[in-house]
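Novice: Before we start, here is the structure in question, set down as structure tokens.
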Amino acid sequence: MHVDMDAFYASVALRERPDLVGTPVVVGGSQRGVVLSCTYEARALGVRSGMPSGRARRLAPQATFLSPDFDSYAAVSRSIVSVFQSFSAVVESASIDEAFLDLTGSLRMFGTPTAIGEQLRAVVADEQGITCSVGIGPTKFVAKMASRTAKPDGLVEVAPDDVATFLHPMPVEAIWGVGEPTARRLHALGIETVGQLAHAPVGTLRQTFGPHAGRGLQELAWGRDRSRVVPTEPERSVGSQETLGSDTDDPDVVRRELLRMADRTASRMRTAGLAGRTVSISIRFADFTELTRSATLPTASDVTEEIYAAAVSLYERLGLGRARIRRVGVRMQSLVPAGTTSRQPQLTDPEHGWQEADQAVDAAVRRFGPAAVQRAVLTRRR
């Protein structure tokens with residue numbers, strides 16, 4: 001999956017200036033310099049990122065020019081990455097406003113790729129007040145091309161069998177990495193579309209662009225891309241968070257959602273072969289203020305009940321009363337390989353406990369799908 005925020009700088013700026021929504025807005029270049037971002041209303045007038053501000057003013061004299069606030073952009077970017085990481089353990093930040101996600105390990109938990117994409121878009125819109133476009137495909141290249149097609153505020157999924165049908169009608173300029181000079185050389189060969197590039201003699205391409213670049217261009221024209229999603233930094237935590245369907249002041253609802261997030265987090269750790277020792281909860285209130293609390297377990301764990309017990313204890317110690325809550329999250333830190341942990345058995349322990357129950361549930365889910373076994377308390381209407 002490739003997620004690309006729509007007009008990121010401008011969208012963040014409009015959160016502080018809702019009166020400007022639906023109007024041409026340009027971020028940067030207020031006096032001189034270049035345009036950093038602009039709304040789609042400004043783009044309809046010909047304004048583009050990287051354009052000199054003088055030209056942008058001539059094209060859109062009625063536009064509002066706003067100064068950039070890089071601290072706000074960085075804070076929003078960190079929050080968005082946190083959302084991405086709640087859907088996939090493998091997230092590669094391509095820039096401040098786009099990322100690749102490997103969904104391979106997420107399908108059992110969240111459902112189809114399209115369902116994951118729509119849920120992710122809804123969470124970002126709800127929590128950050130901005131929109132994103134999502135592309136899904138069998139390779140990073142196809143996913144990125146799909147997200148471009150989805151803009152603005154849309155989702156496009158390209159199935160493996162549909163890659164050629166999707167790519168081949170496009171102009172060669174649409175290919176990731178094909179700039180003006182490369183496009184001119186392709187046009188000189190009579191190649192205007194991606195389909196024509198896909199069927200061009202590979203010898204001609206190698207002679208024109210070199211042995212590696214020529215072959216690489218044709219591979220992309222068929223949607224072939226061997227690059228993998230590489231996490232931007234080593235995984236230091238595993239967590240899940242979810243915005244409630246409506247704000248609640250009911251402690252039972254909050255406890256149930258903490259169990260749901262603990263179950264999801266523990267399942268992801270077991271899939272990754274990890275265990276964690278530090279349990280953290282995050283609570284976001286109806287006014288969007290947020291607090292976090294953490295506790296350390298006696299030994300590293302990947303057992304849902306142990307993680308939930310620590311999470312609900314942290315929540316109850318907060319003494320929030322009837323405060324209205326918007327979102328809850330559970331995260332595990334201080335991760336270690338699961339096989340390196342040791343558990344001290346107690347005389348009162350049953351022969352088979354929650355760890356074995358989790359393993360049995362995992363086996364059923366692997367065989368029959370995410371709805372095969374569910375905790376009864378989590379099947380209630382939310």
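The values are calculated or read from the model by the stated rules, or taken from the named source; none is laboratory data. Treat the numbers as computed from the prediction; the structure is a model and nothing was measured. As a convention, Cβ positions derive from the backbone with ideal geometry for all residues, glycine included, and neighbour counts pool all protein chains shown.
Novice: Among the residues of the range 265-298, what is the count of those that are in contact with a Phe, Trp or Tyr (Cβ under 9 Å, 6 or more places away or on another chain), basic (K, R) and buried (at least 18 other Cβ atoms within 10 Å of the Cβ)?
Specialist: Selection size over the range 265-298: 0.
Novice: Kindly indicate whether L120 is surrounded by 15 or more Cβ atoms within 10 Å (Cβ to Cβ), within 18 Å of R268 (Cα to Cα) and in contact with a strand residue (DSSP E or B) (Cβ under 8 Å, 6 or more places away or on another chain).
Specialist: So L120 fits the description; yes.
Novice: Just a yes or no: is a residue in the range 155-173 over 30 Å from L205 (Cβ atoms), at pLDDT 95 or above and out of contact with any Cys (no Cβ under 7 Å at 6 or more places or on another chain)?
Specialist: Of the residues in the range 155-173, the ones over 30 Å from L205 (Cβ atoms) are 155.
The next check asks that each one be at pLDDT 95 or above; those that pass are 155.
Cutting the leftovers down to out of contact with any Cys (no Cβ under 7 Å at 6 or more places or on another chain) gives us 155.
Yes, some residue in the range 155-173 is over 30 Å from L205 (Cβ atoms), at pLDDT 95 or above and out of contact with any Cys (no Cβ under 7 Å at 6 or more places or on another chain).
Novice: Please state which one of S72, S93 is in contact (Cβ under 8 Å) with a residue 24 or more places away in the chain, surrounded by fewer than 21 Cβ atoms within 10 Å (Cβ to Cβ) and in a strand (DSSP E or B).
Specialist: S93
Novice: Any residue in the range 159-181 that is of a type in the set (S, T, N, Q) sitting within a Cβ distance under 9 Å of a residue that is modelled with pLDDT of 90 or more? List the pairs, counting only those 6 or more apart or interchain.
Specialist: Listed by first residue and then by second, the contacts come to T165/V158.
Novice: With the condition kept exactly as written, say whether any residue in the range 279-293 is without any contact (Cβ under 8 Å) to a residue 60 or more places away in the chain and part of a helix (DSSP H, G or I).
Specialist: Within the range 279-293, not a single residue is without any contact (Cβ under 8 Å) to a residue 60 or more places away in the chain and part of a helix (DSSP H, G or I).
Novice: Whether any residue in the range 98-114 is charged (D, E, K, R), farther than 21 Å from L14 by Cβ and either crowded, with 20+ Cβ neighbours inside 10 Å or over 9 Å from the mean Cα position of the chain (by Cα) (or both) is what I want to check.
Specialist: yes
Novice: If I ask for residues that are aliphatic (A, V, I, L, M), out of contact with any Phe, Trp or Tyr (no Cβ under 8 Å at 6 or more places or on another chain) and surrounded by 14 or more Cβ atoms within 10 Å (Cβ to Cβ), which ones from the range 173-200 would you list?
Specialist: If the condition is that a residue be aliphatic (A, V, I, L, M), out of contact with any Phe, Trp or Tyr (no Cβ under 8 Å at 6 or more places or on another chain) and surrounded by 14 or more Cβ atoms within 10 Å (Cβ to Cβ), then A174, I175, V178, A183, L186, L189, I191, V194, L197, A200 are the ones that fit.
Novice: Report yes if K151 is surrounded by fewer than 20 Cβ atoms within 10 Å (Cβ to Cβ) and touching a residue at least 40 places away in the same chain (Cβ under 8 Å), otherwise no.
Specialist: Details: surrounded by fewer than 20 Cβ atoms within 10 Å (Cβ to Cβ): yes; touching a residue at least 40 places away in the same chain (Cβ under 8 Å): yes.
Spelling it out, K151 is indeed surrounded by fewer than 20 Cβ atoms within 10 Å (Cβ to Cβ) and touching a residue at least 40 places away in the same chain (Cβ under 8 Å).
Novice: Could you say whether any residue in the range 33-50 is farther than 22 Å from R148 by Cβ, in contact with a Ser or Thr (Cβ under 9 Å, 6 or more places away or on another chain) and touching a residue at least 24 places away in the same chain (Cβ under 8 Å)?
Specialist: no
Novice: Read through the list (1) within 17 Å of D225 (Cα to Cα); (2) polar (S, T, N, Q); (3) surrounded by fewer than 18 Cβ atoms within 10 Å (Cβ to Cβ); (4) in contact with a helix residue (DSSP H, G or I) (Cβ under 9 Å, 6 or more places away or on another chain), then give the number of the only condition that T139 fails.
Specialist: Among (1) within 17 Å of D225 (Cα to Cα); (2) polar (S, T, N, Q); (3) surrounded by fewer than 18 Cβ atoms within 10 Å (Cβ to Cβ); (4) in contact with a helix residue (DSSP H, G or I) (Cβ under 9 Å, 6 or more places away or on another chain), the lone unmet condition for T139 is (3).
Novice: What number of residues in the range 293-325 are closer than 14 Å to M261 by Cβ and modelled with pLDDT under 90?
Specialist: Count: 0.
Novice: Please go through the range 178-215 and give me each residue that is within 22 Å of T165 (Cβ to Cβ) and assigned to a loop (DSSP other than H, G, I, E, B), ordered by number.
Specialist: Of everything in the range 178-215, those that are within 22 Å of T165 (Cβ to Cβ) and assigned to a loop (DSSP other than H, G, I, E, B) turn out to be V178, I191, E192, H199, A200.
Novice: If I filter the range 344-358 down to residues being at pLDDT 75 or above and surrounded by 14 or more Cβ atoms within 10 Å (Cβ to Cβ), which single residue comes out as nearest to V303 (Cα to Cα)?
Specialist: Here the residue is D358.
Novice: Same structure, new question: Can you tell me which residue is modelled with the highest pLDDT among those in the range 217-236 that are out of contact with any helix residue (DSSP H, G or I) (no Cβ under 8 Å at 6 or more places or on another chain) and either acidic (D, E) or buried (at least 17 other Cβ atoms within 10 Å of the Cβ) (or both)?
Specialist: My answer is E219.
Novice: Scan the range 217-233 residue by residue and report those that are within 16 Å of V158 (Cβ to Cβ) and assigned to a loop (DSSP other than H, G, I, E, B).
Specialist: Hits for the range 217-233 are W222, G223, R224, D225.
Novice: Does A213 fit the bill of being surrounded by 13 or more Cβ atoms within 10 Å (Cβ to Cβ) and either without any contact (Cβ under 8 Å) to a residue 12 or more places away in the chain or among the aromatic types (F, W, Y) (or both)?
Specialist: Details: surrounded by 13 or more Cβ atoms within 10 Å (Cβ to Cβ): yes; either without any contact (Cβ under 8 Å) to a residue 12 or more places away in the chain or among the aromatic types (F, W, Y) (or both): yes.
So A213 passes the test.
Novice: Report the residue count in the range 237-254 for those that are at pLDDT 85 or above and farther than 13 Å from R326 by Cα.
Specialist: 4
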